[in-house]
Every structure is written in C-alpha cells, then in structure tokens.
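Notes for the one structure printed next.
The values are calculated or read from the model by the stated rules, or taken from the named source; none is laboratory data. It should be emphasised that the depicted structure is a prediction, and the values quoted were computed from it without experimental measurement. Don't worry about glycine lacking a Cβ; one is built from the backbone with ideal geometry, like all the others, and counts go over all protein chains shown.
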Amino acid sequence: MTLFLKKPGVDRAACLRELFTDGRSLGWLTGMLRDEVFAHGLYGDRAEPEEQRLLTQQEFRTVLDIMLERNRSADPEVLLNVPNLLSLLYGWLQGGGRDKVREWVAARINTDAGLVALLWRLRGYGNASDICEYFPLRKRDLDHFMDFADAERRVIAVRNNLQAPEDQRRLAEELATAIEQGRRH
C-alpha cells in the first residue's frame, strides 16, 4: 500500500476513496486505519510527526469517515465474519464511534444465542507454551463494548439452564472457561 501511494501519477485521493469504500477486506482496512488513528493522535498519546504518517490529515479524515459509515451501515453478518472482530470493534471505537459500536454490540447480545455467538467471536489468543494455546475473554477488552459482569452472569446462566439448547450450553461452558483464562492470563 505504501509503495502504491508513493508511485508518481497515482491519484491518492481517488485510490483511497475507492479502497476504503469498496475494499472487501474490512479487517485489513481496519488494521491500516488503526495505525493511522494512533499516528494522527486521534487515540493514544503518541502522535507521529506528519512526515512519518502514511496519510495526510485530509486523507485520514476522509477514510475514517468512510470506515465509520461502513461499520454503521454494514449487514451485521458481514462484520461478524471479519477474522479479527475484536480488532474491528477497537478500530471503530478508537476512530470515534464509541456510542455506535456499543449500540451495535447491544443489538447483537440482546438474546442469549446472540450473546454466546458474539462472545465466541471476541475471544483473544494466548499461548502458555509451545503446546498450550487458549482463547480467553478479557474483561479489559470487553468492558469497552458491553457490561462484562452482566455478560458473564448471562453466560453462566445459559450454561446452567437445562432448558437452553444444548449447543448454547456447550458454547457457554467454553466461554465460562475462556473468562477464567482471561482472569489468569
């Protein structure tokens, strides 16, 4: 991307608009945008000098507005299928969409089935050794997007509810383990 944008004769503005408007890899676009969110000092406290940023201030504001709108208007299934959904939600939040991302999450978790499905997608990654991988749910991450204590209570309730569908109870059991792993690691 950097080499392409530096190529003589490239209409940077048009290229960036097309890429961020029509690009299919929302995870990759979000990753690039998150780098610029920090570089421009919109989030965090270490803005980089202008000459070290990939995007100018105007380009950054343009692509940020495009991505915030894409997130707000996307079919939920599209966002739910992004490989690293937690990173996408962080990018949305850090780009200035705190209220909208919390509303989006609230709409996904208004049922027990929705809660366990979303939490399953928000697990992190850990590696305690070369042979022990785990996928924790961390309060420090999830509190940005939902009431973690309430989500934990609901997961436990689903796990213990013999009337709940078996697949939901099984997921809730694994999520309860993931919550414990998040506390330990």
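Taken over the range 127-166, residues that are modelled with pLDDT of 95 or more and farther than 27 Å from Leu93 by Cα amount to 11. Of all residues in the range 160-177, count the ones that are farther than 14 Å from Leu115 by Cα and assigned to a helix (DSSP H, G or I). So the answer is 3. Are any of the residues in the range 51-67 touching a residue at least 12 places away in the same chain (Cβ under 8 Å), farther than 18 Å from Arg102 by Cα, of a type in the set (Phe, Trp, Tyr) and not assigned by TED's automatic domain parsing to the domain that holds Phe135? Looking through the range 51-67, at least one residue is touching a residue at least 12 places away in the same chain (Cβ under 8 Å), farther than 18 Å from Arg102 by Cα, of a type in the set (Phe, Trp, Tyr) and not assigned by TED's automatic domain parsing to the domain that holds Phe135. Just the residues that are charged (D, E, K, R) and under 20 Å from the mean Cα position of the chain (by Cα), please, taken from the range 14-55. Of everything in the range 14-55, those that are charged (D, E, K, R) and under 20 Å from the mean Cα position of the chain (by Cα) turn out to be Asp22, Arg24, Arg34, Asp35, Glu36.
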